[in-house]
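Trainee: Pasting a structure below so you can have a look.
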Amino acid sequence: MKKRNIFATSYMGVAAVWLGGHFGPGFATGAFSVTYYVKYGWIGLLMPLLAMLVTGGVMFYMTEYARSHNATSYRPFVLSCYGEKAGKAISIVYDILFLATVMCAGGLAFSGEANVLMNFGFSYWGAAIPTIIISALLCLYGSKLLSKASKYMMYAIVLVVLLIAVLSLVFGQYDLGAAIAAAPVNTKEPNLLHAVLSAVLYGCFQSTICFNVMSVADILEDKAETKKAIIAGYIITVILMISIAFTLFCYVTIIPDLCNPGVVAVPIMAVLGRLGFSWLTFVFVVLMTLAVLTSAAGLANAGCVRFNNLFSFIKNLQLRRAVITVILLGIAAIGASFGMKALLQKGTSIIGYIGILALVIPAFTIVRSKIKKDEKKD
């Protein structure tokens, strides 16, 4: 029997949707890294391991339940998991949480890309409109196309991030020793405790990506594939998170206000500016574009699955998906108008706190229990 190439597997496609949802420009720019990790000093560099355990756990239980009950949209998911009465109420909460995530995460995507592309003469809408159009095209034919496109974009993202990290550390003028010896940028809070709490909150915020991953759960064959998808997503995501955080940490004593998003909106660009490699800056722009597309397309596909019936009056399926995508990404574009700093410091925290009650705790208790019961029946 011919062994399947791991890079062509369905579970890698699902892992790519996780990475695509997470690795939007909020993270590609380094803005998430300085906000949640780098400012806590060297201990913050280990916190992605904890944060993604929270996200990965939620991702596994929600995706496996969605796969095993053929409930890839969160409305049939909650009706199946919580029953008719409770499910309807929870569905409304999920709608609010999802749309808030679209506005915040999508807003960060557009805002991050705009901050980069405006350095090259693009206007905000000049960057946003092509992104909306391409994302709509990616969503036209559903989960299989999205997972395949996300998979190849993921491979490119991994290569570019590692390339930037390696070149920054080989050719850059940084001071790792000074960064380790220096007091954390966030000197107002006890280091370890708040680093842990910050990581958990970040993991709760990123748990909303489960809506994206659930929307492509139908391509997974069994529970073993779900596990592989989540493990692969965890490993790849953590490697990239630590790579970016470590790169920025090395420059924290060299570049003033690196951890202040109000002053340095794109920390990675600040590091690249120190290197002076114009071609690497171009490669970073390509990375940003891929990050925006994977993030935006993942959110849009989850919305297409959720709101498909609401727009059933549009008979053509492809046109229906395109309309939903444009509306959702339009909401994201409006979210970007609040500014990257506000979305980072307030938007992500609010969604994280809502996610604790709406997603994280239920996933590790109720949803996990339902999966266990289903296994006993089988």
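The values are calculated or read from the model by the stated rules, or taken from the named source; none is laboratory data. A quick note: this is a predicted structure, and the numbers were derived from the prediction, not measured. So basically every Cβ, Gly included, is an ideal-geometry build from the backbone, and we count neighbours across all protein chains shown.
Trainee: Could you tell me whether segment 7-17 includes any residue that is part of a helix (DSSP H, G or I), surrounded by fewer than 18 Cβ atoms within 10 Å (Cβ to Cβ) and modelled with pLDDT under 90?
Mentor: Going through segment 7-17, the residues part of a helix (DSSP H, G or I) turn out to be 7-8, 10-17.
The next check asks that each one be surrounded by fewer than 18 Cβ atoms within 10 Å (Cβ to Cβ); those that pass are 7-8.
Those left that are additionally modelled with pLDDT under 90: 7-8.
Yes.
Trainee: Looking at segment 183-201, can you tell me whether even one residue there is of a type in the set (Ser, Thr, Tyr), at negative phi, in a helix (DSSP H, G or I) and crowded, with 24+ Cβ neighbours inside 10 Å? Let's see the steps before the verdict.
Mentor: Step one: list which residues in segment 183-201 are of a type in the set (Ser, Thr, Tyr), which gives 187, 198.
Now drop any that are not at negative phi, which leaves 187, 198.
Retained after the next criterion (residues that are in a helix (DSSP H, G or I)): 198.
Okay, now just the ones that are also crowded, with 24+ Cβ neighbours inside 10 Å, so none.
Among the residues of segment 183-201, not one is of a type in the set (Ser, Thr, Tyr), at negative phi, in a helix (DSSP H, G or I) and crowded, with 24+ Cβ neighbours inside 10 Å, which makes the answer no.
Trainee: Whether any residue in segment 70-77 is surrounded by 14 or more Cβ atoms within 10 Å (Cβ to Cβ), at pLDDT 70 or above, among the basic types (Lys, Arg) and more than 19 Å from the chain's Cα centre (by Cα) is what I want to check. Don't jump to the end; show me each part of the working.
Mentor: Kept after step one, since they are surrounded by 14 or more Cβ atoms within 10 Å (Cβ to Cβ), are these residues of segment 70-77: 71-77.
Imposing the further condition that a residue be at pLDDT 70 or above reduces the set to 71-77.
Then drop every residue that is not among the basic types (Lys, Arg), which leaves 75.
Subsequent filtering for residues that are more than 19 Å from the chain's Cα centre (by Cα) retains 75.
There is at least one residue in segment 70-77 that is surrounded by 14 or more Cβ atoms within 10 Å (Cβ to Cβ), at pLDDT 70 or above, among the basic types (Lys, Arg) and more than 19 Å from the chain's Cα centre (by Cα).
Trainee: May I pose another question? Would you be able to say whether some residue in segment 301-316 is surrounded by fewer than 18 Cβ atoms within 10 Å (Cβ to Cβ) and among the β-branched types (Val, Ile, Thr)?
Mentor: Just the residues of segment 301-316 that are surrounded by fewer than 18 Cβ atoms within 10 Å (Cβ to Cβ), to begin with: 308-316.
Remaining after also requiring among the β-branched types (Val, Ile, Thr): 314.
Taking every residue of segment 301-316 in turn, at least one turns out to be surrounded by fewer than 18 Cβ atoms within 10 Å (Cβ to Cβ) and among the β-branched types (Val, Ile, Thr).
Trainee: Right, next: Which one is surrounded by the fewest Cβ atoms within 10 Å (Cβ to Cβ), of the residues in segment 264-277 that are assigned to a helix (DSSP H, G or I) and without any contact (Cβ under 8 Å) to a residue 40 or more places away in the chain?
Mentor: Applying the first criterion (assigned to a helix (DSSP H, G or I)) to segment 264-277 yields 267-275.
Of the ones still in play, those that are also without any contact (Cβ under 8 Å) to a residue 40 or more places away in the chain are 270, 273.
Numbers: 270: 20, 273: 13.
The extreme case among them is 273.
Trainee: Identify the single condition in (1) at pLDDT 80 or above; (2) surrounded by 20 or more Cβ atoms within 10 Å (Cβ to Cβ); (3) hydrophobic (A, V, I, L, M, F, W, C) that residue 296 does not satisfy, given that it satisfies every other one.
Mentor: All conditions pass for residue 296, except number (1).
Trainee: Right, another one. State which residue is nearest to residue 104 (Cα to Cα) when the search covers only segment 328-371 and only residues that are at pLDDT below 90 and among the basic types (Lys, Arg).
Mentor: Taking the candidates together, the pick is 346.
Trainee: Still on this structure, please answer the following. So, of the residues in segment 164-201 that are over 15 Å from residue 247 (Cβ atoms) and of a type in the set (Val, Ile, Thr), which turns out to be modelled with the lowest pLDDT?
Mentor: Step by step, filter segment 164-201, then rank; the result is 187.
Trainee: Being part of a loop (DSSP other than H, G, I, E, B) and surrounded by fewer than 20 Cβ atoms within 10 Å (Cβ to Cβ) is the filter here, so list the residues in segment 237-263 that pass it. Even if it seems obvious, please write down each step before you answer.
Mentor: So in segment 237-263, the residues part of a loop (DSSP other than H, G, I, E, B) come out as 251-263.
Of everything in segment 237-263, those that are part of a loop (DSSP other than H, G, I, E, B) and surrounded by fewer than 20 Cβ atoms within 10 Å (Cβ to Cβ) turn out to be 253, 254, 255, 256, 257, 260, 262, 263.
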